[in-house]
Structure formats: C-alpha cells, structure tokens
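Colleague: Can you keep this structure in mind? I'll have questions shortly.
No lab work stands behind these numbers, since they all come straight from the coordinates. Everything numeric here is computed off the predicted structure, so don't read it as measured data. Note that we place each Cβ from the backbone using ideal geometry, even for glycine, and neighbour counts take in every protein chain shown.
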Amino acid sequence: MRCRKAHKLMSAYLDQELSVREQEAVESHLAHCAPCRGEVQALTETKQLLAQAEHYHAPPALLRRVMTNLEPEATRPLPCFAPFLVQLGQAALILVIIGVGVVSGRFLTSTGGTQGPGDGVTTLSLELFDPAPPESLGGIYLAMMEMDYEE
Amino acid sequence: MTPDPLHLIEQFKAGDLSSFEGLVRVYQDRIYNLCRHLLGHPQNAEDAAQETFLKAYRNLKRFTPEASFYTWLYRIAVNTCLDFRKRPFFESLFKRSAEGEESMAVEPVDERSPERLYESRQTGHIVQRSLQAMSPKLRVVLVLKEMEGLSYQEIAELLKISLGTVKSRMARARGALQTLLKKNMEQK
C-alpha cells in the first residue's frame, strides 16, 4: 500500500471502520512508514482534543418551552404554503371571470350570419334593449348611433 | 429508571399526549448537545432543540417502530440545525457568538483543580470555535462521530448519504479541523 492510499484510509482506520483486509494493509504500511505513523499520531491527538469538547446539558427551560408550545392538531396553524394556495385560488377566479367575459362577448356578438360591425353594435344595443323607449338610455344610444351612421 | 422510549411512543399513539413529556426528558440532553455543537450559540441551540421536539411531536404518529427512534429524532435535529444556519439573521448572531460565550446550560459539577478546569475550558472553546469555522457538511459528520459516537453506517443512514461519502467527508473534516485548531491555538 502506498502513502497516498494509506492517508485516505487513516481516518476510517482510527475509527475502526475498515474491513479486516484494509486494516491489515494499513497496519502493514504503518509498520515501515514513519511519516504516516506521524500522521496517525496527529489525527489521534485531534480526536483526543475533540473528546475534551464540553458535553452540554439542556437548559431547564427547554422542557417547559417545548411543552407549552405543543399544539393539538386541530388548532395547528396552516402550513406555510397556505398563503400561496390562497393567491393561486384568487388568480384562478380572475381567469374564470375573464373567460366567462370572453365567452359571453363572443356569444353576444356572434349571430351566425354575415353581419358587419354595425350589426354587431345593433345586436348589442338593439336586441338586448329592444324595445328601447326613446327617453331611455337605450333609446338615446340608438339615436346617437343612427346619427353616426347617417353621417 | 429511564422509561422505555418505545413504550412512551406507543402510549402517545394510543392518545396519551402527556407521554411526549417523557420522551423530551429522555432525549433533551443529547439533542441539545448535538444542536449546541452544530450551531455554537446556546440560544440558537435551544431554539433548534425546541423546534426539533415540536416537529417530532407533529410527526410522531407517523413514526414506525421498525426504524430507530433516536436516528429519526437525530435526523430531524440535524436538518433543523442545517436549516437554521441558512436563516439570514443567523450570520450576525454567529459572529457575536464566535468568541466563546458562557454557556446558558447547566454545567455539571467538575472537581478538577481550577487550573486544569481553566485549561480544559480554554481548549474546549478553541475546539468549539474551530468546529464552527468548518463547513456545515463536514462539521455534521465530525460531530455525529466524535461527540455522539455514531458509526459510519448510522451517519450514512441519518444523513441519507453513501458510506463512501461519510468516509470521504470524515477524512476531509479531520484535515480541516487540524488546520483550524493549529491556527486557533497559535492565536490563543
């Protein structure tokens, strides 16, 4: 085994996480490689330093904080993506309204025959409001339209 | 006598919500210790530990006994801590805490001489500072192995990575830590 390979396996060797074969190969290499033995020694010291890291105990307030913040399933707040769903619903509603408007407009302007835009206007303003009394908005509108066409 | 966690989980699933308190009592030290080593700052660690238990509470009914409860809980804690570090305000807190703040946790009584205690605490601070300077991916494997005593296989299952990746990250983590420790020791 070469130093490069041994170096890669050193960490796992220290943690006793190598297969039997790999372990024997590393030990055989270490037996005649002083630099690698030095490397293992340095890693061992690092491990020992880590062992000196403090072991922390949970503060007394943690249990109380956890238990007072537990909520029954029924009163649990909505998941964080709920506002997004609401906005999506609103957008869908707007699209539906626009769609209904487009379909309605096409339905209202479509009479199946060879009619020009004037007839479409007539349809909109005459058929819907027919009969339209002269003094009504429909009647005034029709009068105005007749005047425009005559000009 | 420590209550059996699986028994507490069964009671919880049967409707005894108060048994969850027993689970918190059993695991709070280990979870807090893990969060503390991953996050450094005691308040962040407490917040992350609380969040871990709240998530566990919300999902406990879906836990199946075939899996290890501790691995399941650990996974929640690790993911919570990793998400914690992504929060925008975290960086300013991290910078404030980098200089070895006093722990808010209850420390066990230590009967060593004051000099040895001081030296040990100083070393501990240096180790902690070095750990916090590492990348989260490398720090996690090192903490799980060295502080929590998990095997490589357990770490792989917990983090959902391959065994080869664990070995590789462990080697890189130790190399990075050696460099950081040397630098921080010289600045001592």
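Colleague: If packing is taken as the mean number of other Cβ atoms within 10 Å per residue, what is the order of A:2-11, B:172-181, highest first? List each step's numbers first, then the result.
Modeller: Numbers: A:2-11: 16.2, B:172-181: 19.3.
Going from most to least packed, we get B:172-181, A:2-11.
Colleague: Okay, moving on. Could you calculate the FRET efficiency of residue A:52 with residue B:179 from 1/(1 + (r/R0)^6), where r is the beta carbon distance between them and R0 is 30 Å, rounded to 0.05?
Modeller: 0.95
Colleague: Rounded to whole Hz and in sequence order, give me ³J(HN,Hα) for segment A:3-19 from the Karplus expression 6.51 cos²θ - 1.76 cosθ + 1.60, θ = phi - 60°, writing x for Gly and Pro.
Modeller: In residue order, the calculated couplings are 4, 4, 5, 4, 4, 5, 8, 4, 4, 5, 5, 5, 7, 6, 10, 9, 5 Hz.
Colleague: Oh, and also: Using r as the Cβ-Cβ distance of residue B:64 and residue A:103, and R0 as 41 Å, what FRET efficiency do you calculate, to the nearest 0.05? Spell out each step's value before the answer.
Modeller: Details: r = 52 Å, r/R0 = 1.26.
That pair, residue B:64 with residue A:103, gives E of 0.20.
Colleague: Kindly write out, for segment A:41-52 in residue order, the coupling ³J(HN,Hα) from the Karplus curve 6.51 cos²θ - 1.76 cosθ + 1.60 (θ = phi - 60°), rounded to whole Hz, with x marking Gly and Pro.
Modeller: 4, 5, 5, 5, 5, 4, 4, 5, 5, 4, 5, 7
Colleague: In the neighborhood of residue A:35, defined by Cβ-to-Cβ distances under 13 Å, what is the net charge if each Lys or Arg adds +1 and each Asp or Glu adds -1?
Modeller: So the surrounding residues net to +2.
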